[in-house]
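These notes are about the structure you will find just below.
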Amino acid sequence: MTLNFAPRLRAPVFTLAASVFLVAAYNNSFWQRFLVATGGFSISNLPMLAATFLLLVLAFNACLSLVNYRFVIKPVVIALLLATSAATYFMNQYGTQIDKAMIQNVVETDVREAGELFSMKMLLTVGLLGVLPAILVARTRLTFAPRGRHLLTNAGVVAGSLLLAAGILLLFFKTYAPAVREHRELRFLLTPTNYIQAANGFLKQKWAKPQVVAPLGRDAAKGVTWADQAHRTVTVLVVGETARAMNFSLNKYGRNTNPLLSQQPGLLNFSNVSSCGTATAVSVPCVFSALGRENYSDTKAHGQEGLLDVLKHAGFDVIWRDNNSGCKGTCARVAYEDWSEPVAGDPLCNSEECYDEKLLERLPELIRTAKNDLVIVLHQKGSHGPAYAKRYPPGFGKFGPVCNTNELEKCTQEQITAAYDNTILYTDYFLDKLIKLLRQSSADDGVDTGMMYFSDHGESLGEKNMYLHGAPYIISPPEQRRVPFMLWFSDRYAERFKIARGCMAARTSQSFSHDNVFHSVLGMLDVSTAVYNPALDMFNACTHG
Ligand SMILES: [Zn+2]
């Protein structure tokens, strides 16, 4: 190559070429892992793999087109080539994924340690995959159309690329959704997005102000119905996982998924309740906050106390029992018990996880020996996918044949739904067992007991070719947003809080949402505080006479 070498390229062609190069040259770690996640290489997989390649090229090209301007695009691409070649070296050499912690490691590595990371192999990789293509880019002479036409072309390329990418995404959604969910490492392997995202996260964390949690409802106190209390109360809030309302026979589903709850006297089933978000990380902090869906943001929710804190201020003891992946900050200032770790030889656990029934272990003892009024949150593993068949013990495989793999593309919609319905059948058993246990505690130990159950969000099982959950709320299908909601009280619990069952039963088909939970729990337990909004209390005028 002589220094006179100076190819000419039109700017839109240049970004496309750079995108192809980024996807093809640097991503062998990603492709290897992606093959594993999608069932290995085969001829029948070829169209999907080719489409995935195209999808990534289109996405990268859309991003590069946003900065496709004279004096901007070349430096950007050169920086990308150099940084991505280094990232590729580390991923290949150390088998590492690049995330926030990795960036922190690199930034905080001292010079001596850094020296050990440099090697001939690194110089070679960065030289061949970084410096050489960077020189080529530097020598390339880009031609730009006149200003107006260039802007129009850029906009067209961005829109066209995104549209085509969205088409591919929809076409292979059944393959992508479980692959990305079960193999979260994929997004840490796809470069250059991995280190850009990681660096962004690292800087955000570094510059974030220390979190000060604003107090909420410090004025909370037990209301008048508590004045002549003869018994302790225990209120259990069950937070379900991925249970969608429409697959409960209590909500008129075709299969009998609620053989036990449908026989449970006094159970109130609300059929028209929607969730705050379509993913656990949104719904759980949102439902326990006073913000409501419209005002909710992750930062606001973490910067302010929530329902469990208000209950604590009012004098309740609060315990969070978890068989899921934690309480997403909502239980930061109350007792927390992790029950998700499998115990060897325990019939309620398999080698990887425990069934939800585990959450009920030693619960009667806890209720009996508590000294104070108690609120217990049980956080289920519920119907978490895509491996639905792993969520229930063998005895609950009533519907079938079921999908036994997390590679949903290998299953029919009927098999996926059958496995999912078995998880609902198991939740039916779990809630029924809990209610029986609470009724027993009420009879044996003189404790007034009540239960509220709701799920965090729903699930798509192939409707409109969508699977799992997490769709952006405004375009999310009702399958992901409509959640089950149930209430049960012992007779004395209903009596002491003067809960008019008939009045509440008349509201079971009204439209409610997660926004109602915060105020309904306070209302139900007769907690008086300035943050309580009676207009959002589902049971307002049905309780306390
Ligand atoms: Zn969830």
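The values are calculated or read from the model by the stated rules, or taken from the named source; none is laboratory data. This one's a predicted model, so the numbers in the text were calculated from it and none came from an experiment. Neighbour counts run over all protein chains shown; Cβ positions are idealised from the backbone, glycine included. Heads up: the accessible areas ignore ligands, DNA and RNA and are worked out on the full protein's heavy atoms, side chains in. Shrake-Rupley method; radii C 1.70, N 1.55, O 1.52, S 1.80 Å.
Computed values, structure above
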{"read-out": "Where only alpha carbons of the stretch 432-545 are counted, the Rg and the Dmax (Å)", "value": "16.9, 51"}
{"read-out": "Among His231, Leu54, Ile416 the positive-end extreme of the charge dipole of the chain (Cβ point charges)", "value": "Leu54"}
{"read-out": "FRET efficiency estimate (nearest 0.05) - Cβ-Cβ, Ala159 to Phe5, R0 56 angstrom", "value": "0.95"}
{"read-out": "Semi-axis lengths (Å, descending) of the ellipsoid that matches the C-alpha gyration tensor of the stretch 11-92", "value": "26, 16, 7"}
{"read-out": "Listed residues Asn200, Thr15, Val377: farthest to the positive end of the dipole of the chain (Cβ charges)", "value": "Thr15"}
{"read-out": "About the Cα centre, charge dipole magnitude for the stretch 223-536 (Lys/Arg +1, Asp/Glu -1 at Cβ), debye", "value": "660"}
{"read-out": "Helix 173-182 vs. the chain, principal-axis angle (Cα, 0 to 90°, nearest 10)", "value": "80"}
{"read-out": "Per the chain, cysteines lacking a partner by the 4.7 Å Cβ criterion", "value": "Cys63"}
{"read-out": "For the stretch 448-499, the spread of Cα positions along each principal axis, largest first, Å", "value": "48, 19, 12"}
{"read-out": "Fraction of beta bridges assigned by DSSP in the chain that are antiparallel (%, nearest 5)", "value": "35"}
{"read-out": "Size-normalised alpha-carbon gyration radius of the stretch 248-394, reference 2.2 N^0.38 Å", "value": "1.17"}
{"read-out": "With 10 Å bins from 0: P(r) over the chain, alpha-carbon pairs, percent", "value": "3, 15, 23, 22, 16, 11, 6, 2, 0, 0"}
{"read-out": "Cα-Cα separations in the stretch 223-536 greater than 33 Å, expressed as whole percent", "value": "20"}
{"read-out": "Under the Karplus curve 6.51 cos²θ - 1.76 cosθ + 1.60, θ = phi - 60°, whole-Hz ³J(HN,Hα) for the stretch 360-366, x wherever Gly or Pro sits", "value": "8, 4, 6, 5, x, 4, 4"}
{"read-out": "Using alpha-carbon coordinates, inclination of helix 193-207 to the longest axis of the chain, degrees", "value": "60"}
{"read-out": "Kirkwood hydrodynamic radius of the stretch 8-207, Cα pairs, Å", "value": "18.2"}
{"read-out": "Rg/Rg_globular for the stretch 133-240, with Rg_globular taken as 2.2 N^0.38 Å and Rg from C-alpha atoms", "value": "2.11"}
{"read-out": "Where labels lie 7 Å past Cα in the beta-carbon direction, separation of Ala505 and Arg139 in nm", "value": "8.5"}
{"read-out": "Cα-based helix-to-principal-axis angle, 147-171 vs the chain, degrees rounded to 10", "value": "50"}
{"read-out": "In the stretch 328-437, the trypsin sites (Lys or Arg not before Pro) that fall in loop regions by DSSP, at most 14 other Cβ within 10 Å", "value": "Arg333, Arg362, Lys371"}
{"read-out": "Loop trypsin sites (Lys or Arg not before Pro), the stretch 136-203 (other Cβ atoms within 10 Å of the site Cβ: 15 or fewer; DSSP)", "value": "Arg184"}
{"read-out": "Neighbour-limited loop hits for trypsin sites (Lys or Arg not before Pro), the stretch 228-318 (at most 14 other Cβ within 10 Å; DSSP other than H, G, I, E, B)", "value": "Lys252"}
{"read-out": "Area of Asp445 that stays accessible when all protein chains are in place (1.4 Å probe, Å², to 10)", "value": "50"}
{"read-out": "Lysines whose Cα lies under 20 Å from that of Lys464, excluding same-chain neighbours fewer than 8 positions away", "value": "Lys174, Lys410"}
{"read-out": "Percent breakdown of C-alpha pair distances by 5 Å bin, ordered from the shortest bin, for the stretch 147-194", "value": "5, 18, 13, 19, 19, 11, 8, 5, 2, 0"}
{"read-out": "Mean residue ellipticity (222 nm) of the chain, computed from DSSP H runs ≥ 4 via -39,500 (n - 2.57), nearest 500", "value": "-13500 deg cm²/dmol"}
{"read-out": "Interchain or long-range residues, amide H under 5 Å from Ser513's placed H", "value": "Ser274"}
